[in-house]
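Written below as structure tokens is the structure these notes are about.
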Amino acid sequence: MSTLVFGHKSPDTDATMSAIIWAWYLTNVLGGDAKPVLLGQPNTEAAFVLKHWGFEQPEIIADVSANDRVVIVDTNNPAELPPSINEATIMAIIDHHMLVGGLKSKTPINVVMRPLACTATVMHDIMGENVEKLPREIRGAMLSCIVSDTLEFRSPTTTDHDRIVAEKLAADLGVSIPELAAAMFAAKSDVSSFSDAELLRMDSKEYSVAGKELRISVLETTAPAVVLNRKAALMAAMPEVAQADGADQVLLFVVDILREEATLLVPNDLVKQMAEASFGVKVSGDTVVLPGVMSRKKQIIPSLKL
């Protein structure tokens, strides 16, 4: 039986392509038998990257069983993983997020977590000289992950090492990073076909603050007006999404990639209080602009309080 390799629910480019990269590496370099799978429909940018580099979309699974061997990439949070994850045999975890806790392995495993902007950068380092064995499409997937997670090096999560790895991959591939990024961000910004509920769940994480269960959603875009023009409908959809997902509140941050700022939708007093306590702003309407805020991992989640 193949080892299943997957990232988090609501798969973005890094979660989608890192699963493909590592499954290919396990199978073709380390001599194993691995298969990439997804825990949901990939977002529009990830779908573009799949097509751009010639990959078929991996199978989407709902859960795992005690018979499954798995490798987890781009998360270590049980809330973002299949319900039965602790029943499966976890073989390894490769991640770049903070340690959450709650996962249980049946045997000692390899865990690699590094403070880099992207899981694919971590994988590049693990592979070492074996990177030379990667085919063009796998290197392209790796480059796309770094471009996505660093927002073309605009995100404060970006490290010098992420940039060096990306620029080396781009040079080897003969790819222009600005051109690739523009195409990826255009795909990410096209959300016209998604319902309000789908947008609220497209790129979201679960997190608790002062006893409140939050679904923290981020939409990164080069066309924020397209999303903000739907703010009334999005805010109206928040209570139903929160109730269905077992949360007290949905927070939606619309990240303007080019202006390097986020706009937080403010549907009620709870979000107003949280915004003012967390970011030191004064909220007077149903949105508030947060200059320089682009990273959920580094700037939003660490700041949240009531």
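Please work out which residue is nearest to M202 (Cα to Cα), limiting yourself to the range 293-306 and to residues that are touching a residue at least 40 places away in the same chain (Cβ under 8 Å) and exposed (fewer than 15 other Cβ atoms within 10 Å of the Cβ).
Across the range 293-306, the extreme among qualifying residues is K305.
What pairs come out if I take residues in the range 138-157 that are not assigned by TED's automatic domain parsing to the domain that holds I257 and pair them with residues that are basic (K, R) and part of a helix (DSSP H, G or I) whose C-beta lies under 7 Å away, six or more apart or interchain?
Partner pairs satisfying both residue conditions: F153/R163; P156/K298; T157/K297; T157/K298.
Could you tell me how many of the residues in the range 158-180 are charged (D, E, K, R) and either within 14 Å of M17 (Cβ to Cβ) or in contact (Cβ under 8 Å) with a residue 60 or more places away in the chain (or both)?
Total meeting the criteria: 0.
Restricting to the range 12-33, give me the number of residues that are closer than 30 Å to R201 by Cβ and assigned to a loop (DSSP other than H, G, I, E, B).
1
Among the numbered criteria (1) at positive phi; (2) crowded, with 19+ Cβ neighbours inside 10 Å; (3) not acidic (D, E), which one does G246 miss?
(2)
Just wondering, is there one or more residues in the range 250-264 that are more than 19 Å from the chain's Cα centre (by Cα), over 20 Å from S192 (Cβ atoms) and either at pLDDT 95 or above or not assigned by TED's automatic domain parsing to the domain that holds E45 (or both)?
Yes - at least one qualifying residue is present in the range 250-264.
Enumerate the pairs (first residue in the range 242-271 and among the hydroxyl-bearing types (S, T, Y); second residue anywhere and surrounded by 22 or more Cβ atoms within 10 Å (Cβ to Cβ)) with beta-carbon separation below 6 Å, excluding pairs fewer than 6 apart on the same chain, so at least 6 apart or on different chains.
Pairs found: T263/V254.
Please verify whether G280 is surrounded by fewer than 16 Cβ atoms within 10 Å (Cβ to Cβ) and touching a residue at least 24 places away in the same chain (Cβ under 8 Å), treating the condition exactly as stated.
Criteria not met by G280.
Give me a count of the residues in the range 24-35 that are in contact with a strand residue (DSSP E or B) (Cβ under 9 Å, 6 or more places away or on another chain) and in contact (Cβ under 8 Å) with a residue 40 or more places away in the chain.
Of the residues in the range 24-35, 3 are in contact with a strand residue (DSSP E or B) (Cβ under 9 Å, 6 or more places away or on another chain) and in contact (Cβ under 8 Å) with a residue 40 or more places away in the chain.
Could you tell me whether the range 204-216 includes any residue that is within 27 Å of P291 (Cβ to Cβ), more than 21 Å from the chain's Cα centre (by Cα) and free of Cβ contacts under 8 Å to residues at least 12 places away in the same chain?
The answer is no; no qualifying residue exists.
Please state which one of V289, V271, V283 is out of contact with any Phe, Trp or Tyr (no Cβ under 9 Å at 6 or more places or on another chain), in the same structural domain as G211 (by TED's automatic domain parsing) and under 22 Å from E198 (Cβ atoms).
That would be V271, the only listed residue that is out of contact with any Phe, Trp or Tyr (no Cβ under 9 Å at 6 or more places or on another chain), in the same structural domain as G211 (by TED's automatic domain parsing) and under 22 Å from E198 (Cβ atoms).
Here are D196, D172: which of them is in contact with a helix residue (DSSP H, G or I) (Cβ under 7 Å, 6 or more places away or on another chain) and surrounded by fewer than 16 Cβ atoms within 10 Å (Cβ to Cβ)?
D172
If a residue must be of a type outside the set (G, A, S) and touching an Asp or Glu at 6+ places or on another chain (Cβ under 8 Å), how many such residues does the range 1-25 contain?
Number of matching residues: 8.
The values are calculated or read from the model by the stated rules, or taken from the named source; none is laboratory data. Computed from a prediction, not measured in an experiment: that's the story for all the values here. Quick reminder, even Gly has a Cβ in these numbers, built from the backbone with ideal geometry, and neighbours come from all protein chains shown.
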